[in-house]
Amino acid sequence: MEDGKISTRTVKEIAAFVNGQIDGAENTAVVGVAPIDQAQTGFLAFIAQPKYDTFLDTTPAAAILVRPDSPQSKTACLIRVPNPYLAFVRIARELFAIGEPEKHGRHNSAIIANSAEIPDNLSIGPYSVIGENAKIGDATIIGNNSTIAPGARLGKRCQIGNNVTIAHDVIVGNDVIIQAGSVIGSDGFGYVKDQDKYYKIPHVGTVILEDNVEIGVNVTVDRGTFGITRIKKGAKLDNLIQVAHNVVIGENTVIASQSGISGSTEIGDNVIIAGQVGFVGHIKIGNRTTFAAQAGITKSIPDGMTISGYPGRNHTRAKREEAVIRQGPELLKRLRKLEKFIKKHFPSSDEK
Amino acid sequence: MEDGKISTRTVKEIAAFVNGQIDGAENTAVVGVAPIDQAQTGFLAFIAQPKYDTFLDTTPAAAILVRPDSPQSKTACLIRVPNPYLAFVRIARELFAIGEPEKHGRHNSAIIANSAEIPDNLSIGPYSVIGENAKIGDATIIGNNSTIAPGARLGKRCQIGNNVTIAHDVIVGNDVIIQAGSVIGSDGFGYVKDQDKYYKIPHVGTVILEDNVEIGVNVTVDRGTFGITRIKKGAKLDNLIQVAHNVVIGENTVIASQSGISGSTEIGDNVIIAGQVGFVGHIKIGNRTTFAAQAGITKSIPDGMTISGYPGRNHTRAKREEAVIRQGPELLKRLRKLEKFIKKHFPSSDEK
Amino acid sequence: MEDGKISTRTVKEIAAFVNGQIDGAENTAVVGVAPIDQAQTGFLAFIAQPKYDTFLDTTPAAAILVRPDSPQSKTACLIRVPNPYLAFVRIARELFAIGEPEKHGRHNSAIIANSAEIPDNLSIGPYSVIGENAKIGDATIIGNNSTIAPGARLGKRCQIGNNVTIAHDVIVGNDVIIQAGSVIGSDGFGYVKDQDKYYKIPHVGTVILEDNVEIGVNVTVDRGTFGITRIKKGAKLDNLIQVAHNVVIGENTVIASQSGISGSTEIGDNVIIAGQVGFVGHIKIGNRTTFAAQAGITKSIPDGMTISGYPGRNHTRAKREEAVIRQGPELLKRLRKLEKFIKKHFPSSDEK
């Protein structure tokens, strides 16, 4: 997969790029990057956790990014850094161009409205459409068969996948990634009921995705009924997630696959949400909270809590309650034994 | 977002449109609509709940739709109606053209089979495809990169989003909305097992969506194996919902995001289903039932019940059971105390 | 829906095709296939379960596929086979061409890179795109507005729906079905955290779908971070399923709608997973295990187990625990009664 991408770097260049300390020959040549269990001769790997230290003396890798306190290696040149995995990712992307999106240019079948503002270096795939008054930032990449609807604005260096819809007037910041099949700015699920019938509420709000937001595949983000659905700086959403109208998701919050957030709920900053979690509408979730998989959150949660179960509650408490449930059949037996004993020794115990 | 859409109406015209009673100057001019907390000078707002009555004397709005028994306003002209929110939605849509879908005409890149029957006023976006013998009703709007497969029929005034598939021979009524990425009429998950292998069952049935059905984003509705998957008049489905083969969903039933209904299950009329609910196959769900979020429904449910939990059960009962679970660790202590007491005072209590 | 597809077969031909034993007139003409409750004069039906034997004497069907030990029919010619449903499905597909995908040819708007290797009999719909160095096997069918990205390889007789993305370098075997809106080979949800920020890990691995894998609608299968996400031979996935990076799914495993499998988890062979089930990452699920709907699996599971609930546990045990929960409020009363009795008769029982 990396044909033509492999270039050679020296350990000295690499260490300088990540401010690392070299423990070995600084002129060692590095031809590529790989995980420690797959690294071949000439490659750079990393070891972030002591349990992988056994590879230090056996790997054929040319160099290894390691923690400052890592043991030495008999076979490889070490580069000591505070966060070896992060250094590895930065080097892979920026020195070896791994995972960099392909800038494929502007396909002549892409339809771009006359009033749209697009940069010279826009990449846009076949059969995509950019509507009237849309505005796209420098170096943004758009896939195939996608729509940037009228009035939508995308920042710089965004990566938009195939079959994506960015609906009208949605605002997307810089360095935002939206993978294939996701829809940003759909109408929310809002109706007025009259007798048994439901009447659709027009959705005149919009969506704002701030800088460095990343959105997975087939995600749905509804626009505000009035006002804004907002996903703040650096938040990361996995695949198949539902974000309802007027939701706010805080900075650097991460949400795993298939979770859903109901209308007008506000999720704080630095929150961690596992897969298949659900939040009811109109609640407020504190900063630095954590939610276990499949939790069902029915009310507001203060800062810092760890929550699991349905209805969602303090995780430590939930585990103690779970432990009692696990003993249920035995506890029932113990209760019955007591009842039997009392009945036997105190035949009158049945009276009220 | 409303450039060019703003027109001026008088309170008299507006009140006549919704049969409201005017309490103030009937020639007051209204230039737009907005929620009560955002309404500026000249706008129409609404107050449906008494808790917002505090805005009555402070809003700069020109006019407010209110309940018949609403207090008076010092600043705005009132229009009294039985359902202020519904009146607001109707006025927004029909007098101020808010939320009305754009009729964008027939793009010359849309491919329309010769044998397809389409109206003169069809709107269809770039790179969409209409197959042989498909039939589309008057004033229907189809987005970009969508497929109306051979033999499919759509009624009048439907709105079909981008990247939608309406599979072959599916039948869609009038005034149906299907948002981006949804697929109607896919093959269901049906196999015959022989030893360890699974053999796909051909799906020769179809899907019928009746009038006024609304479908969110990235929803999947499988066609019947034999026979029909049917969603009845006025039912509303949110995003990322799964409707399996041969399911029936009743009239005016509403289903929130990420819920799933397994094969051949019948959901009654006027049912309310919250998010992430699951129904097993081959069960029958009564009319006017309600399901709390994340409920898991494993058997048929009679009319009128409110259900929560897994396995789904009467909600009031479920809450009582939940309350006991919440006390589990303390109940265990109380049981132990009794056991200890008995053991101490009746050393022979261990005998059977 | 079957215009022009109906041909006539004799019972003799049909029985020979499935090695069945004829019980009736072998020259009986069959004009089509239908389920037993809908079969009209001249049609072939099947009865796999004794509860449908009541149709044996009342159906107008010309012939019925039945179990070897089925009672006789007064009205129809019988064909006895070990697996009547399987025989019916094979006959429907191969003798009556029901459910066979339409080979619609190569649309002139499909964009096919010069370096792509495609067969003469490729079917590809309008506005689809095949990238550089992609390779497609004989008789494969691709829908509309889909992308086969550079370097991807598809086997023979695959069926790819509309609006599908097969990402770069993904490998797909023979006879694979991928329905509309699914995305195979997206980047996984992998980040390195540094202080509060998250940095995307490049995903340089890929996805392998082996022969006879079938994937429903709007499914997401992420590529390996390094290495492979693999779905093995004959596995079947329903709609809206999430398969994270580096997951392995075993042979002939079936997964119902809206289930999700977190990163690096390995699912064994012949596993049955119901709807809305979730698996945490980095666990190993044994062969021939079964998972009830909405189960939440938090640790590895040995071969052969049946699991339900959250956290997932032995299904029989889970049901016993559930039964105790169901009695919770009554058990609490019984405990209180014992406490009251002890307190009354042993006033000193409150001491420690």
TODO: Could you please find all residues in segment C:150-166 being away from chain A (no Cβ under 11 Å), within 19 Å of residue B:187 (Cβ to Cβ) and not hydrophobic (A, V, I, L, M, F, W, C)?
DONE: C:157, C:159, C:161
- [ ] Look at residue B:61 and say whether it is within 14 Å of chain A (Cβ to nearest Cβ) and at pLDDT below 95.
- [x] no
- [ ] Would you tally the residues in segment B:295-352 being assigned to a loop (DSSP other than H, G, I, E, B) and either within 11 Å of chain A (Cβ to nearest Cβ) or more than 30 Å from residue B:267 (Cα to Cα) (or both)?
- [x] 7
TODO: Only one of these is at pLDDT 95 or above and either assigned to a helix (DSSP H, G or I) or touching a His at 6+ places or on another chain (Cβ under 6 Å) (or both): A:257, A:264. Name it.
DONE: A:264
Task: Scope segment B:243-279; condition surrounded by fewer than 24 Cβ atoms within 10 Å (Cβ to Cβ) and more than 14 Å from chain A (Cβ to nearest Cβ); matching residues - done: B:248, B:263, B:264, B:265, B:266
TODO: Taking residue C:123 as meeting all but one of (1) surrounded by 24 or more Cβ atoms within 10 Å (Cβ to Cβ); (2) in contact with a Lys or Arg (Cβ under 9 Å, 6 or more places away or on another chain), write down the number of the exception.
DONE: (1)
- [ ] Give A:39, A:45, A:16 a once-over and let me know the one that is small (Gly, Ala, Ser) and in a loop (DSSP other than H, G, I, E, B).
- [x] A:39
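Yes or no: residue A:103 away from chain C (no Cβ under 14 Å) and part of a loop (DSSP other than H, G, I, E, B)?
Taking the combined requirement at face value, the residue does not satisfy it.
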TODO: For residues that are crowded, with 19+ Cβ neighbours inside 10 Å, within 11 Å of chain C (Cβ to nearest Cβ) and closer than 20 Å to residue C:104 by Cβ, tally how many sit in segment B:131-144.
DONE: 1
Open item on the list: Test of understanding: among B:160, B:208, B:184, B:201, which residue is without any contact (Cβ under 8 Å) to a residue 24 or more places away in the chain and of a type in the set (A, V, I, L, M, F, W, C)?
Closed with: B:160
Task: Condition met for residue A:45 (touching a residue at least 24 places away in the same chain (Cβ under 8 Å) and crowded, with 22+ Cβ neighbours inside 10 Å) - done: yes
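So how many residues does segment B:202-224 have that are modelled with pLDDT under 95 and within 8 Å of chain C (Cβ to nearest Cβ)? Spell out how you get there, then give the answer.
At the first step, the residues of segment B:202-224 found to be modelled with pLDDT under 95 are B:202-205.
Then drop every residue that is not within 8 Å of chain C (Cβ to nearest Cβ), which leaves B:202-204.
Number of matching residues: 3.
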TODO: Given the conditions (1) of a type in the set (Gly, Ala, Ser); (2) in contact with a helix residue (DSSP H, G or I) (Cβ under 7 Å, 6 or more places away or on another chain); (3) crowded, with 19+ Cβ neighbours inside 10 Å, report the number of the one that residue A:128 does not fulfil.
DONE: (2)
Open item on the list: Exactly one of these conditions fails for residue C:69: (1) under 23 Å from residue B:205 (Cα atoms); (2) of a type in the set (D, E, K, R); (3) without any contact (Cβ under 8 Å) to a residue 12 or more places away in the chain. Give me its number.
Closed with: (1)
Open item on the list: Tell me yes or no: at least one residue of segment C:271-283 is out of contact with any Ser or Thr (no Cβ under 7 Å at 6 or more places or on another chain), outside any strand (DSSP E or B) and either basic (Lys, Arg) or under 26 Å from residue B:261 (Cα atoms) (or both).
Closed with: yes
Task: Tally, over segment A:187-201, of residues that are within 18 Å of residue B:251 (Cβ to Cβ), more than 7 Å from chain B (Cβ to nearest Cβ) and in a loop (DSSP other than H, G, I, E, B) - done: 1
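Taking the conditions exactly as written (within 19 Å of residue B:167 (Cβ to Cβ) and out of contact with any helix residue (DSSP H, G or I) (no Cβ under 7 Å at 6 or more places or on another chain)), does residue C:173 satisfy them or not? Reasoning before the result, please.
Working: within 19 Å of residue B:167 (Cβ to Cβ): no; out of contact with any helix residue (DSSP H, G or I) (no Cβ under 7 Å at 6 or more places or on another chain): yes.
No: the conditions fail for residue C:173.
The values are calculated or read from the model by the stated rules, or taken from the named source; none is laboratory data. Since we're looking at a predicted model, the values are computed, not measured. Don't worry about glycine lacking a Cβ; one is built from the backbone with ideal geometry, like all the others, and counts go over all protein chains shown.
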